[in-house]
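To start, the structure itself, in structure tokens.
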Amino acid sequence: MEPVTDALEEICRRLAGVADGAVADYIPQLALADPAAFGLALVSMDGHRYQAGDAHTPFTIQSVSKPFVYALALADLGPDAVAARVGAEPSGEAFNAISLEPGTGRPANPMVNAGAIVATSLVRGADAGERFERIRACLSAFAGRALDVDEEVYASEAATGDRNRALAYLMRAAGALDGDVGEEVDTYFRQCSVRVTACDLAAMAATLAHGGANPVTGEQVVTEDVATRVMAVMATCGMYDRAGTWLLDVGLPAKSGVAGGLIAVSPARFGIAVYSPPLDEAGNPVRGVRALTEVSRRFGLHMMRPAGRHAVTVTEATTGRKAGAAWSERVRGPEEDERLAAEGHRIVLVAAQGGLEFTETEQILHAVDIRVPEQPGWIVLDLTRVTAIAQGSAMMLGAALAAFARQGHHIVIAAQRDFPAPVPDTPSWHTFPNREAALAWSEEQLLQETAHFRDA
Ligand code: GLN
């Protein structure tokens with residue numbers, strides 16, 4: 001009994017009878033595919049693999065290669081240079097449409113053939129051979145194993161690929177494609193003929209979901225920035241002229257291919273892939289679309305659903321005036337105790353746990369804000385049980401604390417690691433390894449500052 005496998009198997013069984021759609025035959029070799037073949041695979045963020053049906057049947061990656069080669073071009077040239085050559089707007093047209101920007105010939109996006117041919121041509125390499133080798137290595141790193149080319153499908157597409165050649169010639173005439181058209185298109189055909197299984201595609205999708213790091217091998221294949229950009233383009237353009245309906249119904253970045261492959265990415269959750277050759281009129285696998293629509297609904301994965309807020313972040317928020325929590329365990333004499341009781345409201349303690357993103361950071365800062373004293377005080381943040389701070393949140397927290405410090409407050413952080421990193425030039429920022437040390441130091445400071453009470 002294993003719930004993820006059970007769900008995949010159940011969907012596989014139930015949709016096996018769907019007989020709509022037709023196997024692609026414009027590439028003759030693809031027409032030989034078994035229309036009944038049907039496999040599903042899922043790879044989690046821990047690298048756990050789940051599968052059902054024909055998840056190990058090899059087929060050619062076709063257009064599912066496009067997001068990954070686009071990722072390689074982005075990694076090679078950076079986003080601006082790539083954007084100058086290929087757009088990021090849904091074309092609303094078929095995958096092989098001749099839709100180029102008037103004047104420049106720039107293709108609408110890298111998920112349609114025209115844009116994919118340009119993206120392929122942007123990959124660095126001394127010659128076509130080296131460029132293809134880098135593409136194969138990149139696809140392999142995403143999949144977590146060495147992938148090879150189905151030479152028969154490649155030969156079949158090369159023999160019949162005039163439409164793609166025509167597209168490439170048009171782009172070259174408009175100045176949108178450099179180099180030898182024959183070679184560029186040939187590299188693109190080879191890339192489309194790389195052989196994968198549903199399990200491979202699930203690992204590739206999971207690598208995008210995991211911020212560019214393959215969750216099975218651990219290899220950082222592309223940066224998180226690149227992965228994010230690729231998923232964004234998949235979300236708006238991955239399903240050709242069905243991209244809008246797909247985003248509405250399924251709500252996940254996705255990419256389909258004419259051999260029957262389909263991937264979807266649930267960011268920070270998993271990558272999933274389906275193999276089923278019969279396609280609908282838009283060129284998307286019929287059973288694949290049905291299966292992923294069900295998975296998204298069943299597990300509540302639509303990107304636009306508000307993320308659940310189940311975790312408690314702020315575990316304690318108090319000032320020293322209230323009995324108990326904000327006091328260190330240090331034993332004091334009655335006179336000092338009295339002063340701490342009178343002035344202790346100037347020490348604010350907020351303790352938090354778990355991972356911090358925008359919502360959690362805002363909760364912490366709000367807890368501080370409503371307790372911060374009028375006179376200069378000590379803002380003690382116990383972050384010893386915080387496990388991670390997202391980059392943007394660390395900046396948000398640091399900036400807010402630095403602003404409190406500029407108002408005259410002391411920032412006192414208890415954390416096992418150096419986070420958030422002290423903001424440079426903050427008048428008073430102190431880090432301690434635990435709450436006790438942070439509180440004891442703050443009390444000591446308060447007692448020193450109020451020493452004149454005793455002398456007076
Ligand atoms: N190699 C195919 C082509 O260029 C890929 C198209 C696809 O998968 N949609 O026609």
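All of the numbers you see were taken from the coordinates with simple rules; none came from a lab. These numbers were taken from a predicted model, which means no experiment stands behind them. Virtual Cβ from ideal backbone geometry, glycine too; neighbours counted across all protein chains shown.
Below is a table of values for the structure above.
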read-out: Degrees, to the nearest 10: 286-299 long Cα axis against longest axis of the chain; value: 10 degrees
read-out: Amide proton proximity set for Ile413, modelled H, under 5 Å, gap of 5+; value: Leu381, His430, Thr431, Phe432
read-out: Cα Rg over Rh - the range 273-419, Kirkwood; value: 1.27
read-out: Of Ala41, Pro79, Pro58, farthest towards positive along the dipole that unit charges on Lys, Arg, Asp, Glu beta carbons give the range 1-94; value: Pro79
read-out: Protection proxy ranking of 88-100, 249-261, 66-78 - average other beta-carbon atoms within 10 Å, highest first; value: 249-261, 66-78, 88-100
read-out: In nm, spacing of pseudo-spin labels at Val312 and Thr104 (7 Å Cα→C-beta vector); value: 5.4 nm
read-out: Distance-filtered residues of the range 35-57 - backbone nitrogen under 19 Å, label point 7 angstrom along Asp249 Cα→Cβ; value: 39-40
read-out: Among Ala209, Gln220, Tyr188 - extreme Cα towards positive end, dipole of the range 174-227, charges at beta-carbon; value: Ala209
read-out: Using a Förster distance of 41 Å, the FRET efficiency for Arg134-Ala421 (Cβ separation, nearest 0.05); value: 0.70
read-out: Mean separation of Cα contacts under 8 Å (6+ apart) over length of the chain, as relative contact order %; value: 15 percent
read-out: Net lengthening on full extension, Ala166/Glu436 (0.36 nm per residue, minus Cα-Cα); value: 90.0 nm
read-out: Considering only the chain, percent of DSSP beta bridges that pair antiparallel, nearest 5; value: 65 percent
read-out: Helix-only CD estimate at 222 nm, as mean residue ellipticity for the chain, using -39500 (n - 2.57) per DSSP H run (n ≥ 4); value: -13500 deg cm²/dmol
read-out: Order of Tyr50, Tyr26, Tyr275, Tyr188 under a 10 Å beta carbon neighbour criterion, fewest first; value: Tyr26, Tyr50, Tyr188, Tyr275
read-out: The chain, Cα convex hull volume normalised per residue, Å³; value: 164 Å³
read-out: ³J(HN,Hα) computed for each position of the range 78-86 - Karplus, 6.51 cos²θ - 1.76 cosθ + 1.60, integer Hz, glycine/proline x; value: x, x, 5, 5, 5, 4, 5, 9, 9
read-out: Spin-label pair Arg195/Arg124, simplified geometry with 7 Å Cα→Cβ offset, distance in nm; value: 3.1 nm
read-out: Cα gyration tensor shape for the range 387-456, rounded if a/c is under 1.5, else prolate or oblate; value: oblate
